[in-house]
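Shown next, in structure tokens, is the structure this report addresses.
The values are calculated or read from the model by the stated rules, or taken from the named source; none is laboratory data. These figures come from a predicted structure and were not determined experimentally. Cβ atoms come from the backbone with ideal geometry, glycine included; neighbour counts cover every protein chain shown. For the accessible areas, the whole protein counts, side chains as well, though only heavy atoms, and no ligand, DNA or RNA atoms are used. Shrake-Rupley method; radii C 1.70, N 1.55, O 1.52, S 1.80 Å.
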Amino acid sequence: MTDPRIQRIRDGLAARQAFDADALVPWIVAGQRFGWLSRERAALLGRWPQWFDVSAQRVDLRETLASEAERTAALAEVVMRLAEAGHVRGWRDERFAVNTGWGTPTLALIERAAARFFGIRTYAAHMNGLIDGGEAAEPALWLARRAQTKPIDPGMWDNLVAGGIGHGFDARGALEKECWEEAGIGTELAALLVPRGTQDVLREVPEGIQCETLFAFDLTLPASFVPANQDGEVAGHLRASPDAALDIMADFAMTVDATLVTLDALARLGLAHAPQRFASDNNT
């Protein structure tokens, strides 16, 4: 019999990934759609008619901004003003590429905190921190609880290591950097990362639109390994059995991104249908 939590998790993912294109306005750059804006956010951009052509059907970045550098400079000015007015929060001082897909040309760079305001496609790398129980013990995985100071999903459970892929990084390079910052995983161990494909997220969130490609990785960790956060962005860790991870996901206490990546790992490893039981002894 299929574990009833699996259906609950899937139903929860569907509910948390609501997206209604008809209620949104496409953001057009150089004749192509590069993002999605709520009608309220689109109206805000009307303050800069020299750079944006705002109509009921679409918002165009004016073609007078003909180069990547010109677009980047204009967007930097706009985003700074939006942040000062409280419309963009969680400033990261990190830039994301404005493009239509991984490896496609970059038309501009934009402050990471504004990516969801404009609904551009972003990229993130997530890692399942797996513990092979061998013959003597049940397999487990390390989860991380996001700090309450995080601008997005504070206090929720996440993969052991996860982070956005900033301009100039590839997925593996970004994840290797996050490995040390978020869990104290050194370069020798991080070299064993195994890519597990991608998943896409498209949903409305309080900050705007999350349109994101997730690059998933697995890393098998020694049974003796204990993660140690280095950058203050993690409030704590949990060494969870697959069963305990299912409980967390079924309670919607894990981020959408991490739920997708974790559920895929459990199914791949044949562990997603574990019998239900309370597993409080997995706390560390």
Failed condition for residue 5, given (1) surrounded by 14 or more Cβ atoms within 10 Å (Cβ to Cβ); (2) not in a helix (DSSP H, G or I): (2)
Which numbered condition residue 143 fails, given (1) open to solvent by 40 Å² or more (accessible area, probe 1.4 Å); (2) over 22 Å from residue 14 (Cα atoms): (1)
The range 46-77: number of residues that are in contact with a helix residue (DSSP H, G or I) (Cβ under 7 Å, 6 or more places away or on another chain) and among the aliphatic types (A, V, I, L, M): 4
Hey, residue 62 open to solvent by 80 Å² or more (accessible area, probe 1.4 Å), basic (Lys, Arg), within 22 Å of the chain's Cα centre (by Cα) and over 20 Å from residue 174 (Cα atoms) or not: no
Residue in the range 123-137 that is farther than 30 Å from residue 243 by Cβ, open to solvent by less than 60 Å² (accessible area, probe 1.4 Å) and either in contact with a Lys or Arg (Cβ under 7 Å, 6 or more places away or on another chain) or among the small types (Gly, Ala, Ser) (or both) present: no
Verdict on residue 114 being out of contact with any strand residue (DSSP E or B) (no Cβ under 8 Å at 6 or more places or on another chain), at pLDDT 95 or above and open to solvent by less than 20 Å² (accessible area, probe 1.4 Å): yes
Subset of the range 205-243 [touching a Ser or Thr at 6+ places or on another chain (Cβ under 8 Å), open to solvent by 60 Å² or more (accessible area, probe 1.4 Å) and part of a strand (DSSP E or B)]: 239
